[in-house]
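Engineer: Here it is, the structure, as structure tokens.
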Amino acid sequence: MSPAVHALAYQDARFASRADFQLPRHRRLELHRPGSLSKWLQRWCPGTLPVTVLRQGQCLPTPDEARLLALKPRERVWVREVWLGPSEAPWVKGRTVTPLREMKGRLQALRNLGTRPLGSVLFTGPAWHRSAFLVGYLLPPDSHAHPLPARRSIFSHGQSRLLVTEGFCNAYWQRLEAENAARPRGLPARAGQSASRPNVASDHV
Ligand SMILES: C=C(O[C@@H]1C=C(C(=O)O)C=C[C@H]1O)C(=O)O
């Protein structure tokens, strides 16, 4: 699957936290992995983690984002959409949304992130508070693309909030499951193994 197909398929995908959410237990647990996801993915890359920026800039939020961030009607946000992992078969689709009016001070630096992963800002320097994960699916507007198991949480610091949504592609599950199968029994990959700062809080999004 080329990134272009992915980009079209999952742009502005709706997040659905569904009552019929069904995943094998190990995948469900994986969605709650604490710490920096980009750092976790980094171990699969010999050099730097490939980050493909699909778009970055101002737009209107999706209805579910507006609701979660309690935005005013038609209030604009700054959005960044990326693929993390090899461009021919990316592992994770990331979408970060912050209300424009909250994009002050240190958050201005987000505009210059480029292909550095967001995790390099969120998990180093001053502590961000991270809400508990909401898990579900990313439902693409294009019905030919399949839903991705996904999670989202809000990072907050002072008056600033970032809603980060991460959708996990087949290539991610395949790689992880191959790795687990190769590991001696009783030694599962430990949640938070790669976390520089767990940064997990108890309140729900
Ligand atoms: C939130 C993190 O950042 C990751 C990096 C992103 C980016 O560079 O835009 C987006 C989503 C995340 O998966 C993380 O590393 O945990």
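Engineer: Stick to the Cα atoms of the chain, pair each with every other, and give me the Kirkwood hydrodynamic radius in Å at one decimal.
Structural biologist: Kirkwood hydrodynamic radius for the chain: 17.5 Å.
Engineer: Taking +1 at the Cβ of each Lys and Arg and -1 at the Cβ of each Asp and Glu, which of 123, 54, 158 sits farthest along the dipole of segment 3-182 towards its positive end, judged by Cα position relative to the Cα centre?
Structural biologist: Of the options given, the answer is 158.
Engineer: What is the helix-to-structure angle for 170-182, meaning the angle in degrees between its Cα long axis and the longest Cα principal axis of the chain, kept from 0 to 90 and rounded to the nearest 10?
Structural biologist: Rounded to the nearest ten degrees, it is 40.
Engineer: Next question. Once you charge only the Cβ atoms, +1 for Lys and Arg and -1 for Asp and Glu, what is the size of the charge dipole of segment 3-182 about its Cα centre, to the nearest 20 debye?
Structural biologist: 600
Engineer: Lys and Arg at +1, Asp and Glu at -1: add these up for the other residues within a Cβ distance under 12 Å of residue 170 and post the number.
Structural biologist: Every neighbour counted, the sum reads +2.
Engineer: Report, as a whole number in µm² per second, the diffusion coefficient that Stokes-Einstein gives for segment 95-192 at 37 °C and 0.692 mPa s using the Kirkwood radius over alpha carbon pairs. Intermediate values should be presented prior to the final figure.
Structural biologist: Values: Rh = 16.0 Å.
D = 205 µm²/s.
Engineer: Treating cross-link reach as a plain straight distance, find the lysines whose alpha-carbon is under 23 Å from the alpha-carbon of residue 93, omitting any fewer than eight places away in the same chain.
Structural biologist: In chain and number order, the partners are 39.
Engineer: Right, something else. Which value in nm describes the separation of the simple spin-label points at residue 115 and residue 27, placed 7 Å from the Cα toward the beta carbon?
Structural biologist: Roughly 3.0 nm, to one decimal.
Engineer: Report the FRET efficiency, 1/(1 + (r/R0)^6), for residue 58 and residue 183, where r is their Cβ-Cβ distance and R0 is 41 Å, rounded to 0.05.
Structural biologist: 0.40
Engineer: Is segment 87-148 rounded, prolate or oblate when judged by the Cα gyration tensor, a ≥ b ≥ c being the square roots of its eigenvalues, rounded requiring a/c under 1.5 and prolate requiring a/b larger than b/c?
Structural biologist: prolate
Engineer: I would also like to ask the following. Going out from 0 in 5 Å bins, what whole percent of all Cα-Cα distances in segment 40-106 drops into each bin?
Structural biologist: P(r) over segment 40-106, rounded to whole percents: 4, 16, 22, 17, 14, 14, 9, 4, 1.
A short reminder: the numbers here are calculations on the coordinates, not readings from a lab. This structure is a prediction, so every number in the text was calculated from the model and none was measured. Using ideal geometry, Cβ is built from the backbone for each residue, glycine included, and neighbour counts are taken over all protein chains shown.
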